[in-house]
Each structure stands twice: as structure tokens, then as C-alpha cells.
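Structure record follows, encoded as C-alpha cells.
The values are calculated or read from the model by the stated rules, or taken from the named source; none is laboratory data. Worth saying up front: this structure is predicted, and the values here are computed from it rather than measured. As a convention, Cβ positions derive from the backbone with ideal geometry for all residues, glycine included, and neighbour counts pool all protein chains shown. Accessible surface is based on the protein model in full, side chains and every heavy atom, while ligands, DNA and RNA are left aside. Shrake-Rupley method; radii C 1.70, N 1.55, O 1.52, S 1.80 Å.
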Amino acid sequence: MVSRVKLRAEVDDRLGGRWTSLRGGRREWLWSRPDPARAGAVPGDGFVDAGGLEECLPTVRGTPDHGDVWSRPWRRTGDGESTVAGDDFALRRRIAHHDGAVTADYLLRARPGYRFVWAAHALLDLSPRARLLAPDGTPTRLYPDVLPQAAGPGTAGAGPAPAEPEARPTGPEPWVTGAWPDPAGIPLDRFGPDDGSAVGAVLLDCPEVRVADGLDTLTLRLDCPGQPRSTALWRNLGGWPAGTPYRSTGVEPMLGAVFDLATAGPDDAAVVPPTGVLGWRLTISAHRTTGGDHP
């Protein structure tokens, strides 16, 4: 039997509009990593990874690092509503709770033709058994940041094994393209134990995914007609950063098709229409299975 779990979100407008909690059924879905540098971050600083869900706009990677809104204080303007402004845009977000699900409605104001990438950079607290469920065959761009370890006991933490040639970018783009769930022969649907790897990926034209972990399932859906909708994956199993690695796993609904706006082709970024206003909705819901685990 599958039943809906009532979710509740909490945010910190002062610290970049960061989502600090996504909780339901006695489970906290968001992973956190307290870092005192987070409180002092200002626009232009390198990203401080404190976990939670960060709003990334107008890029994720590149400049500014993780975008221009995570490091700015947001202004509360109503019940569940807050705003933030950059040099060339203004963003409004309204978070509400409906029938157990969390919805976040966004409204971006910028000049017509403004190109951007947005991501709900959600770092999730997942067990090694967790899986990311998306349609088989979904075109996927793989960014092999630190490639997986060679198979065999005792290899975790020893440094990445040499990659298969097809897992290395050979053209000007920093990614290779393959089919979900194992683009370039690297299975990405299972998070697994720490193995010293770190990979990023973007699942193209994939507006909805599910994360299954034990009895619980989290569903993330992005709605924005006429714009490229993707899901980004960050699977860091102790491979990043160099010298002081830790485990962090992100599932990130995205407008756009690349991490770095500077690498976006004509169809790889969202575009503000002639009205100068673009809206979109993120919906997050959770369910629990009773009487058995996920297969």
C-alpha cells in the first residue's frame, strides 16, 4: 500500500532564500553541512556548500559560482513569498503547501531575450540504497568530474581509476552524451556506497523524477511550458573536493540543459519572453510504501 506523506518546507530568506528543511513522516529529506563561512557569503564569493536546497540563477557552474542569488539576502513580501534582485533581473518565489505537497511558484522579471539557467540545487540525505528513477533512454549529459573507482575490494578512497575512453569528453563540450540510466557505461541511477567518485549529469527533457529510498519516495516535478526542462544530478561519493572529500548527493530540477550558462547552445538555456516576465512551478511530494520495500 502506498500513502502520501505530508511534506513541510522551511526556508531562510536572510541566507540566500535557502531551503533549510523538507520534512515529512518523521524524515528530513535535505542533507546539511554546517559551514560558518555560509553566513558571511556575499555576491561574487565562491560557493559555500552548506547543504539544503539552494536557488541557482542565472547559472549553476561558471560565473558567478552557483549563480547570483544564493549569496544575497532575500526580502520577505508576504505569506511564504520573498524576492531577490540581481543586477539585471528580479526573482519572486512563493512557497505553499497543498494536499501534503510543497509547491514553489517563481516569477522572473528581466529584459526580453534574457538567457539563464535555474536549478533547485537540492542536496538530499539518502542512504546508499537510494535510486533515482527516470524514464529509460532519457538523453543524459555526463560530466565526469572525478571518475568512478576500479572495481574490487579496498579501492574506495584510493583515487579514480582510468576512465573508459567513451567516458571522457572528446569535443569542446565538457560532457559526453548517453542514455539513462548508464550513459557512457557509468550507471547513475543507484547512489551506492562511497567509492571516491564524483559525477554530474543533466537528464534532458526530463521534468519529473522520483527518488526511492527504502520505504520512501520523493517526487520532484518542474512545470514551465515552452522552456527546456531538465533534471540535474550531482553524485559525490567521497570524490570531491580534493583533499577533504565528503559525500553529497543532489537531485536538481532545472530550467536549461547545461550546468554552465557560458556553454549553453541555442536551445540549452531558458529565455525570457517578449513580456519580460517568465513563471514556473516546482512541485515536491512524498509517499511511503507499507508492507514491503522498493524492489
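Listed here are the strands (runs of 3 or more DSSP E) enclosed by region 1-87 that have at least 3 residues being touching a strand residue (DSSP E or B) at 6+ places or on another chain (Cβ under 7 Å), modelled with pLDDT of 95 or more and among the charged types (D, E, K, R): 8-12. Filtered by the rule that a residue be among the charged types (D, E, K, R), in a strand (DSSP E or B) and farther than 14 Å from Gly276 by Cα, region 93-112 gives Arg93, Arg94, Asp105.
As a summary of the residue check, Leu215 satisfies the conditions (1) at positive phi; (2) modelled with pLDDT of 95 or more except for the one numbered (1).
Residues considered: Ala90, Ala119. Of these, the only one that is within 28 Å of Val42 (Cβ to Cβ), out of contact with any Asp or Glu (no Cβ under 6 Å at 6 or more places or on another chain), in a strand (DSSP E or B) and of a type in the set (Gly, Ala, Ser) is Ala90.
Of all residues in region 1-24, those satisfying the criterion of being surrounded by fewer than 17 Cβ atoms within 10 Å (Cβ to Cβ) and over 22 Å from Asp79 (Cα atoms) are Met1, Val2, Ser3, Arg4. Only residues in region 79-104 that are within 16 Å of Leu218 (Cβ to Cβ) count as the first member; pair them with residues that are surrounded by 18 or more Cβ atoms within 10 Å (Cβ to Cβ), Cβ under 6 angstrom, at least 6 apart or cross-chain, and list the lot. Every condition considered, the pairs that remain are Ala101/Ser285; Val102/Leu7; Val102/Ala9; Val102/Ile284; Ala104/Arg93; Ala104/Ile95; Ala104/Leu282. The set of residues from region 240-262 being within 14 Å of Val199 (Cα to Cα) and assigned to a strand (DSSP E or B) comprises Trp240, Tyr246, Arg247, Ser248, Thr249, Gly250, Val251, Glu252.
For first residues located in region 221-236 and under 17 Å from His121 (Cβ atoms), partners that are small (Gly, Ala, Ser) and buried (at least 18 other Cβ atoms within 10 Å of the Cβ) and lie 6+ apart or on another chain with Cβ distances below 6 Å form the pairs Ser230/Ala257; Ala232/Ala119; Leu233/Ala201; Trp234/Gly200; Trp234/Gly250; Asn236/Ala198; Asn236/Ser248. Looking across region 167-190, the residues that are of a type in the set (Val, Ile, Thr) and buried (at least 20 other Cβ atoms within 10 Å of the Cβ) come down to Val176, Ile186.
Of the residues making up region 246-254, one or more are open to solvent by 20 Å² or more (accessible area, probe 1.4 Å) and over 16 Å from the mean Cα position of the chain (by Cα).
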